[in-house]
Amino acid sequence: MVELTVAGQRIEGSPIGVGDNKIHLLGRDGRLWEFQPETARDYRKTADRFRAYSTSEFRAALLRELGGGYEVTGTGHYLVAHPRGQGEKWAQRFEDLYRSFVHYFSVRGLQPAPPQFPLVGIVCRNRDDFARHAAATGQPAPNGVAGYYNPETNRITLYDMGGKADSQHWRENAGVLIHEATHQTAFNSGVHSRRALPPKWLAEGLAMLFEAPGVYDSRAFPQLSDRINRARLRTFREAVQPRHRPWLPPTISLAPTPGPLMPRPGR
């Protein structure tokens with residue numbers, strides 16, 4: 001590992017890619033850094049091999065960053081920063097989704113790798129705190145976005161919409177959490193690569209797949225019909241069906257004889 005200064009910030013980690021114009025460095029907190037060699041100063045070797053921050057170091061750093069009003073709850077694979085007194089509401093849900101993801105792939109013959117770092121989730125108090133936090137990271141949250149996973153920082157950030165367990169707001173909270181936790185677990189278990197991002201259809205398609213209750217919680221929802229993401233299917237149909245035509249006009253003749261008859265419009 002090395003320690004160095006980039007743009008006035010002291011960072012420590014392991015170089016994972018070195019070129020003439022770019023250096024990629026994996027920080028001890030799981031962050032990916034990319035910078036030009038000439039912008040770095042004061043290199044110093046600190047260890048012979050990479051070592052992530054300990055759980056206690058992660059926890060202390062999160063509390064310093066977020067300030068008063070927050071606490072951090074740890075689970076088997078997660079450190080979840082949340083408003084004080086809300087650990088039971090949030091932490092185990094993150095952990096359950098991680099285990100559901102691993103189970104889904106394991107029973108299909110694919111064994112995800114364990115994450116190198118504690119997975120970090122940040123639950124902001126409200127939309128205003130969420131917007132301020134997102135802006136401070138250099139990635140302002142667009143209107144309508146209730147949470148996101150950032151492959152660079154390796155964190156999930158979302159906000160508490162409020163509501164009881166059976167309310168619409170809480171269901172929206174759960175939907176955001178399921179989607180973003182799928183992204184985070186995929187990028188930390190070898191299913192996706194943070195250094196070579198997958199196609200958008202693949203990353204988003206996997207996250208949408210897990211939104212279906214029969215996928216993220218197959219024990220409670222065992223029916224095949226529970227594996228259908230009905231909300232996304234409805235959105236797709238509303239967007240596509242008015243413009244859909246069930247035939248394709250022939251453009252290339254693959255044989256000297258006429259091709260199969262095409263359905264008439266409207267059928």
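The values are calculated or read from the model by the stated rules, or taken from the named source; none is laboratory data. Predicted, not measured: the structure shown is a model, and the values here were computed from it. Note that we place each Cβ from the backbone using ideal geometry, even for glycine, and neighbour counts take in every protein chain shown.
Annotations
- Helices (runs of 4 or more DSSP H) wholly inside the range 50-141 that include at least 1 residues being closer than 18 Å to ALA174 by Cα and either among the hydroxyl-bearing types (Ser, Thr, Tyr) or in contact with a strand residue (DSSP E or B) (Cβ under 6 Å, 6 or more places away or on another chain) (or both): 87-106, 127-136
- Filtered residues of the range 68-88 (kept if surrounded by fewer than 17 Cβ atoms within 10 Å (Cβ to Cβ) and touching a residue at least 60 places away in the same chain (Cβ under 8 Å)): GLN86
- Complete set of residues in the range 6-46 that are closer than 27 Å to PRO115 by Cβ, in contact (Cβ under 8 Å) with a residue 40 or more places away in the chain and either of a type in the set (Val, Ile, Thr) or out of contact with any Ser or Thr (no Cβ under 9 Å at 6 or more places or on another chain) (or both): ILE16, GLY17, HIS24, LYS45, THR46
- Looking across the range 182-216, the residues that are in a helix (DSSP H, G or I) and among the hydroxyl-bearing types (Ser, Thr, Tyr) come down to THR182, THR185, TYR216.
- Options ALA220, ALA207, ALA231, ALA196: the member that is within 25 Å of GLY109 (Cβ to Cβ), surrounded by 11 or more Cβ atoms within 10 Å (Cβ to Cβ), of a type in the set (A, V, I, L, M, F, W, C) and free of Cβ contacts under 8 Å to residues at least 60 places away in the same chain: ALA207
- Among residues that are at negative phi and surrounded by fewer than 19 Cβ atoms within 10 Å (Cβ to Cβ), THR46 is included.
- Residue count for the range 61-75 under the criterion of being of a type in the set (Gly, Ala, Ser) and at pLDDT 90 or above: the result is 2.
- Residue-level check: of (1) in contact (Cβ under 8 Å) with a residue 60 or more places away in the chain; (2) of a type outside the set (A, V, I, L, M); (3) touching a Ser or Thr at 6+ places or on another chain (Cβ under 7 Å); (4) closer than 27 Å to TYR53 by Cβ, TYR148 misses just (1).
- Residue within the range 162-180 that is within 20 Å of ARG59 (Cα to Cα), crowded, with 22+ Cβ neighbours inside 10 Å and either touching a residue at least 40 places away in the same chain (Cβ under 8 Å) or touching a strand residue (DSSP E or B) at 6+ places or on another chain (Cβ under 6 Å) (or both) present: no
Conditions (1) assigned by TED's automatic domain parsing to the domain that holds LEU97; (2) within 30 Å of LEU32 (Cβ to Cβ); (3) at pLDDT below 90, marked per residue:
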residue	(1), (2), (3)
GLY162	yes, no, yes
THR185	yes, yes, no
HIS192	yes, yes, no
TRP201	yes, yes, no
MET208	yes, yes, no
GLN223	no, no, no
ASP226	no, no, no
PRO263	no, no, yes
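- Per the listing PHE50, PHE94, PHE58, the residue uniquely at pLDDT 90 or above and under 27 Å from ASP217 (Cα atoms) is PHE94.
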